[in-house]
Amino acid sequence: MEEICDVCGLPLDEKNVSRCRLCGRKFHMKWSVDAQIQNCGQVWFDKASSGMAFACNICVAENPELSELIIDT
């Protein structure tokens, strides 16, 4: 069965996918500069783990405090 992006509703491929640290949704995330998809999430600096984390665009919109922690990709 084909997996679907929980943000945009389009099919996920096996390479360009991530899972949201906040809610667990799977979403499109480019892992290559030549990937022909649009990111449905953001990379952010997670202070609790002192590392990078991934958040879907739904959670980014619901948590405006993340905006200053987003890493521009």
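The values are calculated or read from the model by the stated rules, or taken from the named source; none is laboratory data. Here the structure is a predicted model, which is why all the values come from computation and not from measurement. With ideal geometry, Cβ positions are generated from the backbone for all residues, glycine too; neighbour counts draw on all protein chains shown.
Overview of values
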{"quantity": "Matching residues, region 10-37, being assigned to a strand (DSSP E or B) and surrounded by fewer than 13 Cβ atoms within 10 Å (Cβ to Cβ)", "calculated": "Pro11"}
{"quantity": "Residue in region 25-39 that is modelled with pLDDT of 95 or more and small (Gly, Ala, Ser) present", "calculated": "no"}
{"quantity": "Positions within region 38-69 being surrounded by fewer than 18 Cβ atoms within 10 Å (Cβ to Cβ) and either touching a residue at least 60 places away in the same chain (Cβ under 8 Å) or assigned to a loop (DSSP other than H, G, I, E, B) (or both), in sequence order", "calculated": "Gln38, Lys47, Ala48, Ser49, Ser50, Asn63, Leu69"}
